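Enquirer: Have a look at this one before I ask anything.
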Amino acid sequence: VWRYDPEVIGAAIDANRYNPMVDGSKVRRHLRIPPPEEGHMVMYVGRLVPHKGVEFLLEALPKMRDSAHLVVVGTGPWREILEKRAVMKGIADRVTFAGAVPYDELPQYYRAADVTVLPSISRLEAFGLVGLEAMASERPVVLSDIPGVREVIEDGVEGFHSRPVDPDHIAEKVNTLLDDPVLRHKMGQRGRERVLENFTADVVGKQFRDIYLRILGRE
């Protein structure tokens, strides 16, 4: 009888598709968001369902710098509810619900954004590919401090962890990044490096292979 200690292997993304050479300026013009020196684009990407925590990101928006404009990419059963909440909170003019973005255009959105936020509140969010896609695009992230999602980054290195269900804390972390373009650039670079070191298909494939080989060797 032998005991196998479990290991965690991350998901893999295409770091060639999501890369810092992609031009996001067309997206900013399309969404009527000023260039980075004049305004800031904060982005969410994902399905619009309860466990994603988008309502808490909306609540955080009034606490963010006045230069921040939130772009919500994705669709789902909660879209109408979230749009109504934005109107009720008086922030509809600071939010763009972009809907489903064509596959070929998504890398441009990541490059257009100054910060990408994943405010998930439930273990239904198993890992958080959105964080990796933003990091591969050399953009900093603010990710919920929940299991699976938090493992994507080291807090304070490639981005920040934020407390789930806490709009004040989300806004605090986003503001820290919006206030410091040098920090955004540095965290973006570190994020890209982390993806290349840990989350490409070659790296993840090798991790799976090594585990299978060790298991076969023990048998």
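The values are calculated or read from the model by the stated rules, or taken from the named source; none is laboratory data. Keep in mind it's a predicted model, so treat the numbers as computed, not measured. Backbone-built Cβ (ideal geometry, glycine too); neighbour counts: all protein chains shown. Note: accessible area is taken over every heavy atom of the protein model, side chains too, but ligands, DNA and RNA are not part of it. Shrake-Rupley method; radii C 1.70, N 1.55, O 1.52, S 1.80 Å.
Enquirer: Within the chain, which complete DSSP H helices have Cα atoms spanning at least 20 Å along the helix axis and a mean Kyte-Doolittle hydropathy of -0.5 or higher? Before the final figure, lay out the partial values.
Expert: On the way: long enough: 181-198 (25 Å, -1.31); 201-218 (26 Å, -0.02).
Answer set is 201-218.
Enquirer: Shifting gears a bit: Once amide H atoms are built 1.01 Å from N in the peptide plane, which residues 5 or more positions from residue 71, or in another chain, come under 5 Å H to H?
Expert: 42, 43, 44, 96
Enquirer: Using alpha-carbon positions, what is the distance between the centroids of the stretch 85-147 and the stretch 51-74, in Å?
Expert: So the separation of the two Cα centres works out to 9 Å.
Enquirer: Around residue 166, what is the net charge, scoring Lys/Arg as +1 and Asp/Glu as -1 over all other residues with Cβ under 13 Å from its Cβ? Provide the component values of the computation, followed by the final result.
Expert: On the way: positive: 63, 163, 173; negative: 55, 59, 145, 168, 172.
Computed value for this residue: -2.
Enquirer: If you don't mind, another one. Largest first and in whole Å, give the semi-axes of the chain's equivalent ellipsoid, each being the square root of 5 times a Cα gyration tensor eigenvalue.
Expert: Numbers: eigenvalues 200, 74, 50 Å².
Values for the chain, descending: 32, 19, 16 Å.
Enquirer: Can you give the calculated 222 nm mean residue ellipticity of the chain, where each DSSP H run of n ≥ 4 adds -39,500 (n - 2.57) and the sum is split over every residue, rounded to the nearest 500 deg cm²/dmol? Don't skip to the end; give the middle numbers.
Expert: Details: 8 runs with 87 residues, N = 219.
Value at 222 nm, helices only, nearest 500: -12000 deg cm²/dmol.
Enquirer: Pull up the cross-link candidates among the aspartates and glutamates for residue 186, meaning alpha carbon to alpha carbon under 15 Å and not fewer than 8 places away within one chain.
Expert: 114, 138, 154, 155, 158
Enquirer: In square angstrom, what is the accessible area per residue of the stretch 43-97 with a 1.4 angstrom probe? Can you show the working numbers first?
Expert: Working: 2420 Å² over 55 residues.
With all protein chains present, the stretch 43-97 gives 44 Å² per residue.
Enquirer: Only four residue types carry charge here, +1 at the Cβ of Lys and Arg and -1 at the Cβ of Asp and Glu. Report the dipole size of the chain about the Cα centre in Debye, rounded to the nearest 20. Could the numbers behind the result be given before it?
Expert: Details: 30 positive and 33 negative charges, 71 e Å.
Here the size comes out at about 340 debye.
Enquirer: Then there is this: Report relative contact order for the chain in percent, whole number only (criteria: Cα-Cα under 8 Å, sequence separation at least 6). Write out the running numbers ahead of the final one.
Expert: Details: 392 pairs, mean separation 53.2, N = 219.
Over the chain, the number comes to 24 percent.
Enquirer: Say the dipole of the chain comes from +1 at the beta carbon of Lys and Arg and -1 at that of Asp and Glu; which of 82, 174, 9 then lies farthest toward its positive end?
Expert: 82
Enquirer: Using a probe of 1.4 angstrom, how much of the accessible area of the stretch 67-167 is carbon and sulfur, in percent? Let's see the in-between values first.
Expert: Details: 2090 of 4010 Å².
Accessible surface attributable to carbon and sulfur in the stretch 67-167 totals 52 percent.
Enquirer: Related question: If I stretch the segment between residue 92 and residue 30 completely, what's the gain in nm (0.36 nm per residue apart, minus their alpha carbon distance), one decimal?
Expert: 20.6 nm
Enquirer: Report the local net charge at residue 191: Lys and Arg +1, Asp and Glu -1, summed over other residues whose C-beta lies under 9 Å from its C-beta.
Expert: With Lys, Arg at +1 and Asp, Glu at -1, the neighbours total +1.
Enquirer: Before I look further, what does the stretch 141-219 give for accessible area per residue, probe 1.4 Å, in whole square angstrom?
Expert: Working: 4100 Å² over 79 residues.
Computed with neighbouring chains in place, this is 52 Å² per residue.
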